[in-house]
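The values are calculated or read from the model by the stated rules, or taken from the named source; none is laboratory data. Because the structure is predicted, anything quoted here is derived from the model rather than measured. Cβ: placed from backbone, ideal geometry, glycine included. Neighbour counts: every protein chain shown. Note: areas computed on protein heavy atoms with side chains; ligands, DNA, RNA excluded. Shrake-Rupley method; radii C 1.70, N 1.55, O 1.52, S 1.80 Å.
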Amino acid sequence: MLIAADISVAFGGFQALRSVSVQAAPGSIVGLVGPNGSGKSTLLDVIAGLRQPDGGKVQLDGATVPLGRPDVVAGFGIGRAFQVPRLARRLTVFQNVMVGARGQSGEKLSDLFLRPGRVARREREVEAAARDILRRLDLSHKANDYASDLSGGQQKLLSMGILLMAHPRVLLLDEPAAGVNPVLIERQIRFLRELRDEGRIIVLVEHNMEMVANVCDHIFVLDAGEVIAAGTPMQIRADARVMRSYLGQPA
Amino acid sequence: MTDFIIFSVTTIAIWSVLGISLHLQFGLTGLVNFGQVLPFAVGAYGAGFAAVHGLPIWAGALIGCGLAPLIGVLVILPAGRLTQDYWALVTLGAGEIFRLAMLNISGIAGGVEGASVVRLGDRTLAMVLALVLLTGTALFAFRMDRSPLGRLLRVLREDETLAATLGRNPLRFQLVVTAVSWVMAGLAGVLYAHVTGYVSPSSFMVIETFVIWTAVVLGGPNTIAGVVLGTAVVQLTGVSTRFIAQWSHLPSELVANLRLAAFGAVLVLVFLFRPQGVIPEPKRRYNADSR
Amino acid sequence: MCRVIQILFNTLIYGSEIAIIAVGVALSYSILRFANFAHVQFAVVGAYTAFSLHQYAGAPIALAAVLAALLTGLFAVLVDWLVFARLRNITPEGKMIVSWGVALFIRSIVAAMFGGSARVFDVSSDTLSIGGAFFTLQDVIVVAATALAMLALHALLYRTLAGTALRALASNRDLAETRGIPAARMIGLMWFICGTTAALGGTLFALQTRLQPNMDLVMLLPVFSAVTIGGLDRVFGAALGAVVLSLAQNLLISVDFGTLFSGESWSVPTQFRDFIAVGAMVLILLLRPRRIAARAAG
């Protein structure tokens with residue numbers, strides 16, 4: 001169970017989040033929706049340790065997740081994908097995926113020179129895992145292209161692939177469908193369901209309402225830094241206030 | 001002629017070590033070190049300190065290449081979290097502070113006048129030592145370059161936040177790279193002191209840092225071969241300044257200034273027309289299909 | 001008492017010279033987002049131009065200084081057109097490195113043209129005294145010229161349409177451009193301002209000390225230290241930083257620490273001015289990591 005409780009963030013005089021609480025159970029997809037500037041991405045940043053909140057706490061399966069330390073948070077199995085994908089653009093797709101793997105003996109200077117056999121063995125494992133992930137994402141044919149040469153949609157798939165190399169418990173995804181063509185969106189939806197069925201926790205920030213209603217098990221609606229509604233997609237659809245104000249559809 | 005070749009090879013080898021050190025920091029990790037002359041000076045002054053205070057040569061070498069990474073870590077610890085602009089300023093400032101300290105505190109190694117150290121009389125031995133140092137440094141850097149560590153450092157270069165969200169502490173890796181590359185530059189400094197036979201603050205001006213940068217940017221900051229090639233070109237123009245002055249009947253000060261102007265132009269033109277340098281970073285291919 | 005006045009005078013004089021150079025670094029950083037290490041070269045070029053106009057062409061020093069400032073302004077626009085304008089899309093690190101290339105080129109050409117030896121402006125000035133503190137008429141002119149230039153720059157940035165456009169570019173370039181601000185022309189204006197202010201500072205600096213190609217390294221650290229103290233992108237913060245730095249330097253150099261702590265007289269030697277400059281810079285970086293880090297993330 002992922003719990004973010006009473007999270008507050010202020011930028012200068014602007015209150016981005018006001019005591020926001022959300023939670024997500026294993027094997028579920030939780031949607032965060034709301035207009036631009038409602039604080040969705042900020043909330044993901046706080047959970048991922050990229051933004052130090054003014055108050056609140058984050059817990060995963062009862063353990064307290066440290067705030068403001070992205071590298072430590074990643075060690076808890078929490079992975080964050082960004083709206084504008086963060087990639088090593090002058091490395092190939094394959095290299096990008098390989099970097100996602102944790103515990104690489106070859107990243108230690110001492111192992112590099114004193115235990116070359118162990119480094120080589122681990123590297124072969126990482127290569128094999130990267131190959132599997134690329135196949136799963138249908139990106140094998142792009143493996144040796146530079147990441148900067150991929151289309152926007154492929155870059156989003158790639159950044160998800162990098163995260164999966166670390167076998168994360170929690171995936172925080174920021175608008176994975178924005179700017180992605182419908183065929184790739186279909187593939188993403190299938191993929192998200194697979195990940196959910198593996199027992200992972202997925203938190204999804206998304207503007208594409210069809211996708212949200214389609215895949216989410218639970219939805220939190222944010223506005224101006226506050227949770228104004230929460231429930232199943234059915235309940236949210238029935239909430240006239242939310243529909244009228246934030247989702248742009250007649251009640 | 002033989003003397004000239006030996007001197008040129010020795011010079012190119014020593015400055016190539018400095019270039020490889022900068023390659024690890026900038027080409028691989030993306031750290032903009034505008035004080036690259038600092039670890040070089042620290043190494044040389046280790047030798048100078050030992051000579052002035054009657055310590056053996058090995059003690060001077062130990063002081064030089066031990067203090068260099070230590071100072072590097074002290075500089076990067078506060079600066080590591082800052083943006084590259086500030087990191088550039090801090091390293092630039094640290095290099096100048098050290099030079100000013102050596103200039104004004106005569107107790108360390110002679111102040112303005114500098115200090116004499118044991119000069120390697122056998123120039124062939126000096127060249128061999130320089131080549132051994134270069135080979136060792138290049139092999140070490142090559143192993144780092146082609147390893148998972150090198151891959152991760154490139155990710156740091158491209159996007160520190162990405163590396164952090166993938167569970168790596170950027171500062172820790174930057175410290176490792178700084179320590180390793182400053183040891184290399186420190187060793188180059190120790191050898192340089194014993195090759196020239198003296199240390200003086202005027203050898204470690206800010207300009208020297210940009211001579212190293214010119215070499216690295218010209219050859220290609222992302223490959224070791226590029227760095228050595230760039231250093232060879234830059235240092236050959238340096239050691240032949242005297243001959244060019246004789247041949248062209250121009251004052252050697254003028255030739256030296258025109259040489260530096262050419263370096264400035266090279267830095268600008270390479271960035272304008274060939275940002276990857278003469279030898280670009282090769283693409284590493286993987287087989288994505290085999291089972 | 002007269003010691004205090006003397007320290008304040010010295011602070012103001014040195015602070016003025018640094019401030020007028022530093023404002024340009026901050027101005028170009030605020031708009032183009034990179035630290036321009038070639039900026040100090042504009043000061044050198046300006047000083048040598050003023051020297052040539054005065055010594056060789058016989059122009060009165062004031063006229064020479066103004067003409068040199070205007071010419072250097074045009075020179076800065078030319079440098080932008082030749083180099084920086086073609087590099088708008090590379091990383092800030094790349095731009096910093098290129099700016100060093102430009103600096104190396106300019107300083108070497110100046111050294112090649114004028115030789116490395118120092119020159120002195122052929123002007124003399126009466127010594128005045130107020131309350132036991134000594135200064136020259138030239139000192140007064142340095143401070144007055146800087147103050148005038150600062151007022152003019154302030155008026156330009158805050159009282160004119162062009163100034164509003166420049167500030168808009170600095171705060172949000174994309175937004176400013178979509179609102180129809182002619183970015184290319186405004187950046188040209190920015191370079192002109194950088195060139196003129198730096199040239200003025202360089203001329204004043206050379207008047208007070210000596211003129212030599214190496215003066216760029218003498219000015220470099222204090223200027224960047226002042227800009228860092230004020231915040232890299234704050235134009236008048238840089239000016240304030242220069243005065244703060246100058247005060248720190250003059251105070252530390254003139255206080256007799258020896259008498260304070262033991263019996264013997266001992267002061268920080270004047271050669272340690274640059275130590276203080278860099279020390280202040282590093283101290284500021286240590287004290288304000290959070291603000292800088294927050295900007296890096298956002």
Self-check item: Exercise: per-residue mean of other protein chain Cβ atoms within 10 Å, A:49-62
Solution: 1
Practice problem: Over the whole of B:256-267, what's the average partner chain Cβ count within 10 Å per residue? Rounded to a whole number, please. | Solution: 6
Self-check item: Where the Cα pairs of chain C fall when distances are cut into 10 Å bins, in %
Solution: 6, 27, 34, 22, 8, 2, 0
Quiz item: With axes computed from alpha carbons, what is the tilt in degrees of helix A:182-197 against the longest principal axis of chain A, rounded to the nearest 10 within 0 to 90?
Solution: 80 degrees
Quiz item: Ordering B:L120, A:L192, C:L128, B:L74 by how much accessible area each has at a 1.4 Å probe, largest first, what is the list?
Solution: B:L74, C:L128, B:L120, A:L192
Practice problem: Count, for each residue of A:103-111, the Cβ atoms from other chains sitting within 10 Å of its Cβ, then give me the mean as a whole number. | Solution: 5
Quiz item: So, with a 1.4 angstrom probe, what is the percent of accessible area on chain C that is carbon and sulfur?
Solution: 68 percent
Quiz prompt | Relative contact order [Cα under 8 Å, 6+ residues apart], chain C, whole percent | solution = 35 percent
Quiz item: Within straight cross-link reach of A:K57, meaning Cα distance under 30 Å, which lysines are found once same-chain residues fewer than 8 apart are removed?
Solution: A:K40, A:K156
Quiz item: Which helices, taking whole DSSP H runs in chain C, have alpha carbons extending 18 angstrom or more along the helix axis plus mean Kyte-Doolittle at least 0.5?
Solution: C:2-32, C:39-55, C:61-82, C:92-114, C:137-159, C:183-208, C:215-230, C:235-254, C:273-287
Quiz prompt | Stokes-Einstein D for region C:1-112, Kirkwood Rh over Cα pairs, 10 °C, 1.306 mPa s (µm²/s) | solution = 101 µm²/s
Self-check item: Check: region A:103-251 dipole with +1 on Lys, Arg Cβ and -1 on Asp, Glu Cβ, in debye
Solution: 480 debye
Quiz item: Can you pull the percent of Cα pairs in the protein assembly as shown with separation above 41 Å?
Solution: 43 percent
Exercise. Report, in degrees rounded to the nearest 10, the 0 to 90 angle that the Cα long axis of helix A:152-164 makes with the longest principal axis of chain A.
Key: 70 degrees
Quiz item: Exactly which trypsin sites (Lys or Arg not before Pro) in region C:36-117 are in a DSSP loop and have at most 15 other Cβ atoms within 10 Å?
Solution: C:R88
Quiz item: Roughly how big is the protein assembly as shown's charge dipole about its Cα centre, with Cβ charges of +1 (Lys, Arg) and -1 (Asp, Glu), in debye to the nearest 20?
Solution: 1520 debye
Quiz item: So for the pair B:I57, A:D197, with labels modelled 7 Å out along Cα→Cβ, what separation do we get in nm?
Solution: 7.3 nm
Practice problem: In debye, nearest 20, what is the charge dipole magnitude of region C:2-216 about its Cα centre with +1 on Lys and Arg Cβ and -1 on Asp and Glu Cβ, if you could check? | Solution: 500 debye
Quiz item: With point charges of +1 on the Cβ of Lys and Arg and -1 on the Cβ of Asp and Glu, referenced to the Cα centre of the protein assembly as shown, which listed residue (C:Q6, A:F14, C:L217) lies farthest in the positive direction of the dipole?
Solution: A:F14
Quiz item: What base-10 log of the normalised intensity I(q)/I(0) is obtained for chain A from the Debye formula, alpha carbons as equal point scatterers, at q = 0.07, 0.11, 0.17 Å⁻¹?
Solution: -0.25, -0.61, -1.32
Quiz prompt | Fraction of alpha-carbon pairs over 30 Å apart in region B:2-204 - percent | solution = 22 percent
